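The values are calculated or read from the model by the stated rules, or taken from the named source; none is laboratory data. Being a predicted model, the structure only gives us computed values, none of them experimental. For neighbour counting, all protein chains shown are included, and Cβ atoms are generated from backbone atoms with ideal geometry for every residue, glycine included.
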Amino acid sequence: MGRAEERRARQRGARRTTQKKGGRIRRLFTWKKMLGTFFGLVLLGMGGFYIIYLMTPIPEANAAAKMESNVYKLSNGKIIARTGQLNREVVGLDKIPEKVQLDFVAAENMSFYKDSGVDFKGTARGLLNTLSGKGKQGGSTITQQYVKNFYLSQDQTVTRKLKELVISLKVDQKYDKKEILAGYINTSFYGRNAYGIQAAAQAYYGVDSSKLTVEQGAYLAALLQAPSQYDWAVATETGKKLVTNRWNYVLDNMVKMKELDASQRAAMKFPVPVEPKPDPGMEGQTGYLVQAAKTELINNGISEADLAKGGWTITLNIDPKKQDLLEKAVKQELTSKLDKKKKVDQDVQAGAVSVDPKTGSVVALYGGQDYMKHQISNARTATYQPASTFKPLILAAALNDKAETQDGKEIRANTIYNGDNKRPVKGEGGNGYAPPNEDDQSYGPITVQTAMNKSVNSVFAQMGVDVGLTKLRDTAVALGLNHMKGVGAHPAMTLGSYGASPMEMAGAYATLDNHGKKVTPSIVKSAQHKEAKYNKPDPIGDQVISRDAADAVTSVLTGVVDDGTAKKSVRDATNRDGQQVAGKTGTSDDNKSAWFTGYTPTLVTSVGLWGEAAAPRTVKIDGKETTVGKGSQVSLTDVADIDGRVAGGSIPARIWAAYTFDAVGSGESEFDLDTDQGAAKQPDETPAGTPSGTPSNTPSRTPSHTPSRTPSHTPSHTPSRPPTTGGTTGGKPTTGGQTNGGQTNGGQTNGGQTNGGTTTGQTNGGTTTGTTDGGTTQGTTDGGTTQGTIQGGGNTP
């Protein structure tokens, strides 16, 4: 056989082998066999489910006798409260108006009267979500929810969901739909410690269930989706919007079900619930502490229903000594000075949160004068504007992103901005926004450090646009202002126009104190239950801004205390004892809120004060008298021992200092700062020149003997010799001056005018350059140049 024939023979053999293998594969995977396998698996699954169905009985109902109290303890083990007694009165459907019954059907399961008790598609979705770790998702019928409430637990496990499915089918076969609906309505948890519709009707509307209107029933049905978040009395603006949407959804479904006429529906108005009645034993701060702990547990995966059933031992991070000091500080600086006969004093509300920046532990909290009288916690409400306490977050965003001014200069503590009053903001998104400075003061060229010290609105409005408003918002959220997620990016946000809580502000500043690593304030130290487990998240998270940015902001904020709006209350506090401090004051539009948020190396505390109408009042808005309702925001003027407006540097800063310096103890402590800028590293210098239409950047001169930190009690420009007077001018610098034996007499004015200002200081062989507008410049220069701009007044401090 020749080579060609051998080759052809080998090829024929290879083809026969391939054909044999291919034939075997085709014979193994024929469509008939595959279809048969599929149906076999289906039958096997059905058989398995049928066996589970037969072997799973309808269990005994959850017995109320198993109810236990929740125990709340302080960090030292002292029990402060017991809660969790079951508040339920079962009523028959004859005690619930028919239209109210249908509110629940419209809210949860419009096909209730037609289905078999199970939503297979929704249950399958829920099982997949559970297996993939997405948590509490997936649809359930009213029957399934009733089974979960009455027979099972709230656990999100595959086993529990399969049991729910099987038992729901059996319950639907055994009981009438009316019985199931009654069971569901009577076992559901509505918040305010209310189980069942009778308890909920009393808790939210002060009536028996038989007196509920369709509108009220729709609200109670809407509540079941998120009782705490949707409780009108404590809901945030977002929560109120969500529950209103849910209420509309329920009533619109009633129209679709032809149970409500469209014209009737159009005439319905949202039924605002009554104020909640607090549980006994929640007097003073106890109720606020328990409320904060419950909210944290619920936000981290413990269901409201399971928490309300009791059996938990919850230990708080609250330090009893610090808690006592905080309460005493508020009493000393505020409540003891209020006159109950003055309407404005009746409107005052205070809130405070104190956090350990290394652990995230909430060590002290002040929610209001008495939980029994005011259930909304001032420590956690995000209704009032944080005002200028937001400015450090703008600087943090700028430094972290190495943002630049409009003319391309990197933003740093010594960057020069135009601080003129109502200066139009330039750049993308500025839209000509021109915010006024406090008392309409104009500052001309001013460094970022000085602008922070004096809280100059025009500078930080421009800086926010320079950073990028969307980026600024995202940085604020990353630092802890969660309520700002998804809000519109408008230049007005630079003035702290979005509400924030003392808890959020304490968390944001704690992140700065912790060198940029995220701190989420946590009041719960541990939560234990014999049948459940609480996995506490770590309060210390990832690096959300760079250490250099965080430390630079801290350095700048030491200047606010030592040379800015917090000098009198914080820098000069008699109990300071050498502590280095960073912080920021804030006062909102129309003086409706005043803040001081500040920190030492070991403790961060945010104190907020605001006006909340204790009763309906007549106030002036834009020059017109207008009646506002109870709970409305009102101005803080002539409060307690304050004549005129209440600023952040007054009562809030006094409370902060009275508490903090006693809480941290004696002995000097300094920030460990990895930065080369800011008041804690080098003194600030204000330029002599006026910037052009856009901001510019002029580096500050750093003297050879720059101190590593600002002295605790002594400002950097304290005069050491008797004052001398000399002149200077209205927004333009006075340059030069004749030095006679160490004293400046008069001075040479170049292109300016004198506006009743006084320059006090001493020049030794150097030149004093400055601008005084109805204020006082103090300083001593040895063989160098002093530059500074002081004007009588400042931005909203």
Inset, instruction - Could you grab the pairs with beta carbons closer than 7 Å, sequence gap of 6+ or different chains, first residue in region 61-87 and closer than 20 Å to residue 192 by Cα, second one of a type in the set (Phe, Trp, Tyr) and at pLDDT 85 or above? - result: 70/312; 80/72; 81/72; 86/195; 87/195
Legend entry - Criterion (surrounded by fewer than 17 Cβ atoms within 10 Å (Cβ to Cβ), outside any helix (DSSP H, G or I) and touching a helix residue (DSSP H, G or I) at 6+ places or on another chain (Cβ under 8 Å)) met by exactly one of 538, 542, 577: 577
Inset, instruction - Taking only region 384-433 into account, find how many residues are in a loop (DSSP other than H, G, I, E, B) and not acidic (Asp, Glu). - result: 27
Inset, instruction - Report whether or not residue 662 is closer than 30 Å to residue 552 by Cα and assigned to a loop (DSSP other than H, G, I, E, B). - result: no
Inset, instruction - Check off (1) in a helix (DSSP H, G or I); (2) out of contact with any Gly (no Cβ under 7 Å at 6 or more places or on another chain) for residue 318 and give me the number that stays unchecked. - result: (1)
Legend entry - Count of residues meeting criterion [surrounded by 24 or more Cβ atoms within 10 Å (Cβ to Cβ) and either under 18 Å from residue 588 (Cα atoms) or touching a strand residue (DSSP E or B) at 6+ places or on another chain (Cβ under 9 Å) (or both)] in region 424-460: 17
Inset, instruction - Scan region 336-357 and give yes if some residue there is out of contact with any Cys (no Cβ under 6 Å at 6 or more places or on another chain), more than 30 Å from residue 658 (Cβ to Cβ) and in a loop (DSSP other than H, G, I, E, B), otherwise no. - result: no
Legend entry - Residues satisfying the stated conditions in region 316-332, i.e. of a type in the set (Asp, Glu) and touching a Ser or Thr at 6+ places or on another chain (Cβ under 9 Å): 319
Inset, instruction - Please find, within region 260-300, the residue that is nearest to the chain's Cα centre (by Cα) out of those that are buried (at least 17 other Cβ atoms within 10 Å of the Cβ) and in a loop (DSSP other than H, G, I, E, B). - result: 285
Inset, instruction - Output the number of residues of region 58-90 satisfying the condition of being over 35 Å from the mean Cα position of the chain (by Cα) and either at pLDDT 90 or above or of a type in the set (Lys, Arg) (or both). - result: 1
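Might you check whether a residue that is more than 30 Å from residue 325 (Cβ to Cβ) and not charged (D, E, K, R) occurs anywhere in region 275-290?
no
Within region 505-535, which residues are modelled with pLDDT of 95 or more and over 16 Å from the mean Cα position of the chain (by Cα)?
Initially, region 505-535 is screened for residues modelled with pLDDT of 95 or more, giving 505-527.
Listed by number, the residues that qualify are 513, 514, 515, 516, 517, 524, 525, 526, 527.
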Inset, instruction - Can you confirm whether region 178-200 contains a residue that is farther than 30 Å from residue 481 by Cα, part of a helix (DSSP H, G or I), among the charged types (D, E, K, R) and in contact (Cβ under 8 Å) with a residue 24 or more places away in the chain? - result: yes
Legend entry - Checking residue 550 against (1) surrounded by 23 or more Cβ atoms within 10 Å (Cβ to Cβ); (2) more than 22 Å from the chain's Cα centre (by Cα), the condition it does not meet: (2)
Legend entry - Criterion: hydrophobic (A, V, I, L, M, F, W, C), under 27 Å from residue 236 (Cβ atoms) and out of contact with any helix residue (DSSP H, G or I) (no Cβ under 7 Å at 6 or more places or on another chain) - qualifying residue of 355, 362: 362
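Can you tell me which residue among 500, 510 is under 11 Å from residue 386 (Cβ atoms) and buried (at least 24 other Cβ atoms within 10 Å of the Cβ)?
Answer to the check: 500.
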Legend entry - Residue that is nearest to residue 483 (Cα to Cα), among those in region 207-247 that are of a type in the set (Val, Ile, Thr), part of a helix (DSSP H, G or I) and under 26 Å from the mean Cα position of the chain (by Cα): 238
Inset, instruction - Would you check if there is a residue in region 644-656 being in a loop (DSSP other than H, G, I, E, B), modelled with pLDDT under 90 and either in contact with a strand residue (DSSP E or B) (Cβ under 9 Å, 6 or more places away or on another chain) or farther than 17 Å from residue 326 by Cα (or both)? - result: yes
Inset, instruction - Kindly indicate whether any position in region 504-511 is out of contact with any strand residue (DSSP E or B) (no Cβ under 6 Å at 6 or more places or on another chain), touching a residue at least 12 places away in the same chain (Cβ under 8 Å) and closer than 18 Å to residue 295 by Cβ. - result: yes
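Here's the yes/no breakdown for (1) free of Cβ contacts under 8 Å to residues at least 12 places away in the same chain; (2) crowded, with 18+ Cβ neighbours inside 10 Å:
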| position | (1), (2) |
| --- | --- |
| 596 | no, yes |
| 602 | no, no |
| 623 | yes, no |
| 638 | no, no |
| 646 | no, yes |
| 653 | no, yes |
| 661 | no, yes |
Inset, instruction - Within region 203-249, track down each residue that is surrounded by 16 or more Cβ atoms within 10 Å (Cβ to Cβ) and touching an Asp or Glu at 6+ places or on another chain (Cβ under 7 Å). - result: 214, 217, 218, 221, 227, 228
